């Protein structure tokens with residue numbers, strides 16, 4: 001039954017809406033292969049070469065979405081419905097089939113799948129391996145990386161975990177317009193060890209004016225404040241300044257925000273890019289020389 005399922009349950013994604021090109025790119029294990037022959041052997045499981053599988057889309061046009069929507073840890077996502085961040089078994093449901101589906105149902109219900117020249121599915125490996133997934137994105141170039149992890153089950157002679165990474169291209173790319181709603185300051189706090197040096201707001205302003213003369217504004221601001229921003233943003237210190245209302249004992253921080261963008265690469269799947277934006281932000285803080 002397993003072979004029948006593996007042979008006939010493959011997603012017929014070649015005729016679906018597919019914009020991306022998928023390529024099996026990386027093999028990694030607990031021990032590095034000694035030579036290319038060892039590497040070739042290690043990505044053959046149950047007599048099947050893992051690079052024969054093609055990671056592709058089904059009922060999804062990648063041009064319309066960012067790859068990070070389907071990453072485990074997107075820096076910014078508008079909706080987590082039907083995504084890995086919203087459902088821990090998202091990839092299992094997408095890529096490991098429990099029943100045989102007709103083509104129309106598969107193309108309607110599945111966002112992603114694997115194609116294989118012999119019609120195999122990942123189900124082919126489930127008797128011998130526990131299969132799990134991790135996904136990463138590069139929103140700068142529109143690429144989704146999927147790491148498929150094969151862990152031998154107890155009692156099997158194989159004792160090494162195999163990880164194979166596929167990539168799918170053709171997704172939408174980062175734009176400031178998309179990210180801007182997720183860029184904001186959540187809070188601003190005085191650093192008590194530094195701010196206690198100034199007895200009054202006027203003393204603080206005098207020190208700030210001196211920093212302007214010395215062109216050390218960024219360092220000065222970073223020394224007196226700790227910033228709390230949204231998960232997808234950071235303070236652009238080069239575009240930050242302070243304004244003082246002496247009568248109200250109030251300091252206003254005005255800045256532009258950076259966007260934090262998923263920029264995974266084959267060598268650094270967790271890489272985050274810092275993109276300057278024109279998104280303005282400001283926040284008021286009452287002067288306190290004791291935190």
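FYI, it's all coordinate maths here, none of it is from the lab. Computed from a prediction, not measured in an experiment: that's the story for all the values here. FYI the Cβ positions are ideal-geometry reconstructions off the backbone, even for glycines, and counts take in every protein chain you see.
The figures follow:
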read-out	value
Cβ-derived FRET efficiency at R0 41 Å, residue 59 paired with residue 285, nearest 0.05	0.25
Order by protection proxy (mean Cβ within 10 Å, highest first), peptides 79-85, 116-122	116-122, 79-85
Which of 110, 197 has the fewest Cβ neighbours within 10 Å, and the rest in rising order	197, 110
Modelled FRET efficiency - R0 35 Å, residue 48 with residue 78, Cβ distances, 0.05 increments	0.40
Mean separation of Cα contacts under 8 Å (6+ apart) over length of segment 178-286, as relative contact order %	28
Per-residue Cβ neighbour rank within 10 angstrom, fewest leading, 73, 68	73, 68
Simple label model, 7 Å out from Cα along Cβ direction - residue 202 to residue 175, nm	5.2
Cα extents of segment 187-291 along the three principal axes, largest first (Å)	53, 27, 21
Ranked list, fewest to most other Cβ atoms within 10 Å of each Cβ, for 53, 171	53, 171
